[in-house]
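The values are calculated or read from the model by the stated rules, or taken from the named source; none is laboratory data. These figures come from a predicted structure and were not determined experimentally. Here the Cβ positions follow ideal geometry from the backbone for every residue, glycine too, while neighbour counts run over all protein chains shown.
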């Protein structure tokens with residue numbers, strides 16, 4: 001039977017890899033996800049076969065049923081705008097599972113002293129378990145903070161101890177390693193007090209909180225991706241401890257792919273991963289904010305916007321998270337359709353981190369049936385702003401800030417932005433003059449060619465639509 | 001020792017597979033991909049099942065730990081795959097929409 005289980009694991013792992021390959025292309029992505037899910041189902045069935053002789057079936061079935069009942073409703077009902085925090089949450093519970101498995105291993109093997117050397121080396125198993133517990137706990141608590149920040153339960157701005165933050169983080173990390181050493185050394189003799197294990201989980205959890213709390217909301221997508229990769233690595237470590245090939249391979253693949261994705265996202269924001277983890281983004285904002293205090297913005301009306309749009313040759317829509325929050329995708333699409341029927345060319349300029357994650361905005365626009373061809377990446381569209389009559393910025397802020405190019409003192413200096421300010425006319429649809437996710441002022445709003453249309457994005461776009469129809 | 005080294009070999013190779021598979025992904029698919037890999041690390045559910053499945057007469061603490069671990073792992077797996085599918089289904093719908101848009105022009 002062991003051979004059967006192992007064989008099923010191999011098939012499952014092959015399905016994961018094949019499914020992931022599918023996920024990298026729009027055409028095959030849906031199928032790829034289903035293939036990976038089938039691989040997961042197979043892996044679970046194989047594991048249930050492996051443990052068929054257990055006396056704990058009731059508890060196992062109950063756990064699976066409760067998990068399905070808790071997992072499916074939010075996955076089906078959560079609005080697309082809230083997807084990033086949902087992914088953070090799903091990632092967190094994965095990390096939590098790893099930490100709990102390591103704890104259970106520790107208890108089951110009589111504080112690691114009951115490990116049988118005949119089943120492989122004891123030392124790597126203990127080390128892998130401790131590693132899994134530390135990373136899993138960091139991932140769980142870090143994800144909880146990321147979720148709370150994105151959900152608005154915690155303020156998006158960095159919460160930190162200032163200069164003390166890094167030394168304190170290092171001390172906490174050292175404390176976690178020290179507890180791990182105590183447990184590891186104890187395992188070589190008669191074991192340690194069983195309460196040492198919750199201690200390692202708590203200390204690592206504190207580390208997870210301390211690392212993510214000082215990170216500003218703008219960097220949160222990168223953090224989620226980083227935590228995703230960490231959970232993968234902890235799963236691989238747990239797999240090594242349990243000598244389970246499916247966990248090792250799947251965990252490692254996620255660890256590797258998550259690292260790449262994290263790097264891609266950090267590159268898109270011109271931030272290095274160490275700088276993000278070191279935290280404090282937006283801390284230098286105060287200085288540049290003061291200098292903009294005496295400038296004024298021009299506000300405009302829906303009728304004026306409609307006229308500008310109707311007589312433009314080319315319009316570029318710059319969607320941001322605000323558009324998604326206001327659920328204005330469909331209204332925007334209707335306006336675009338009407339303009340196109342009058343011979344105006346409409347394109348969408350999508351910043352790599354528009355929304356809250358790379359590709360998030362594409363998902364949201366796709367939901368509103370916007371054509372795939374009309375969505376342009378930053379690099380493709382940036383040259384076009386100069387010959388665009390109207391750039392309509394809807395609920396986007398930091399990704400349009402020209403200060404990133406021009407003001408070396410700006411905290412976001414060097415971040416690739418959309419060159420919206422090069423358009424002949426810029427219309428910004430915004431609820432109020434509040435600053436963006438990064439917590440800094442946007443110079444674009446003070447440019448002479450910029451006018452602001454204040455109000456809820458959806459209502460503003462609908463008003464523009466009415467005016468357009470009347471023209 | 002040998003099985004340990006074999007496991008390390010598997011880990012190294014799996015890491016390279018992960019790099020190779022992911023390095024060519026259009027920006028558009030980054031969010032679904034993150035969500036998809038997130039679902040795949042739900043494989044930790046196996047660990048929870050194995051630990052509870054191999055222990056005899058678990059004490060109350062052990063039962064609670066393992067139960068919560070299984071619940072968490074299942075949420076990770078099921079929720080992850082369902083939400084990824086939901087995200088991707090929005091891309092699928094686009095093919096007919098695109099062709100009709102082309103006709104409009």
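Given the conditions (1) within 14 Å of chain B (Cβ to nearest Cβ); (2) assigned to a helix (DSSP H, G or I); (3) over 20 Å from the mean Cα position of the chain (by Cα), which single one is not true for residue A:361? Going through (1) within 14 Å of chain B (Cβ to nearest Cβ); (2) assigned to a helix (DSSP H, G or I); (3) over 20 Å from the mean Cα position of the chain (by Cα) one by one, residue A:361 breaks only (3). Taken over the range A:1-51, the criterion of being in contact (Cβ under 8 Å) with a residue 12 or more places away in the chain and part of a loop (DSSP other than H, G, I, E, B) is satisfied by A:1, A:26.
Here is a yes/no grid of residues against (1) touching a strand residue (DSSP E or B) at 6+ places or on another chain (Cβ under 9 Å); (2) over 28 Å from residue B:31 (Cα atoms):
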{"site": "A:307", "(1), (2)": "no, yes"}
{"site": "A:332", "(1), (2)": "yes, no"}
{"site": "A:344", "(1), (2)": "yes, yes"}
{"site": "A:383", "(1), (2)": "no, no"}
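When the range A:204-222 is filtered for residues that are without any contact (Cβ under 8 Å) to a residue 60 or more places away in the chain and under 19 Å from residue A:175 (Cβ atoms), only A:210 remains.
The set of residues in the range A:369-403 that are within 14 Å of chain B (Cβ to nearest Cβ), touching a helix residue (DSSP H, G or I) at 6+ places or on another chain (Cβ under 7 Å), surrounded by 19 or more Cβ atoms within 10 Å (Cβ to Cβ) and touching a residue at least 12 places away in the same chain (Cβ under 8 Å) comprises A:370, A:375. Just one residue in the set A:320, A:293, A:280 is on the phi > 0 side of the Ramachandran plot and at pLDDT below 90; that residue is A:280.
Just wondering, is there one or more residues in the range A:217-236 that are within 18 Å of residue A:125 (Cα to Cα), facing chain B (nearest Cβ under 8 Å) and surrounded by fewer than 24 Cβ atoms within 10 Å (Cβ to Cβ)? Within the range A:217-236 (the criterion being within 18 Å of residue A:125 (Cα to Cα), facing chain B (nearest Cβ under 8 Å) and surrounded by fewer than 24 Cβ atoms within 10 Å (Cβ to Cβ)), the answer is no, since none of the residues qualifies.
Restricting attention to the range A:52-77, the residues that are in a loop (DSSP other than H, G, I, E, B) and either surrounded by fewer than 17 Cβ atoms within 10 Å (Cβ to Cβ) or modelled with pLDDT of 95 or more (or both) add up to 3.
Number of residues in the range A:391-417 that are within 28 Å of residue A:328 (Cβ to Cβ) and either touching a strand residue (DSSP E or B) at 6+ places or on another chain (Cβ under 8 Å) or assigned to a helix (DSSP H, G or I) (or both) equals 13.
Got at least one residue in the range A:117-133 being within 11 Å of another protein chain (Cβ to nearest Cβ) and out of contact with any helix residue (DSSP H, G or I) (no Cβ under 9 Å at 6 or more places or on another chain)? Yes: one or more hits. The residue list A:82, A:102 contains one member that is more than 8 Å from every other protein chain (Cβ to nearest Cβ), under 14 Å from residue B:50 (Cα atoms) and in a helix (DSSP H, G or I), which is A:102. The condition of being part of a helix (DSSP H, G or I), buried (at least 23 other Cβ atoms within 10 Å of the Cβ) and under 22 Å from the mean Cα position of the chain (by Cα) does not hold for residue A:464.
What do you reckon, is residue A:165 more than 21 Å from residue B:72 (Cβ to Cβ), modelled with pLDDT under 90 and surrounded by fewer than 24 Cβ atoms within 10 Å (Cβ to Cβ)? So residue A:165 fits the description; yes.
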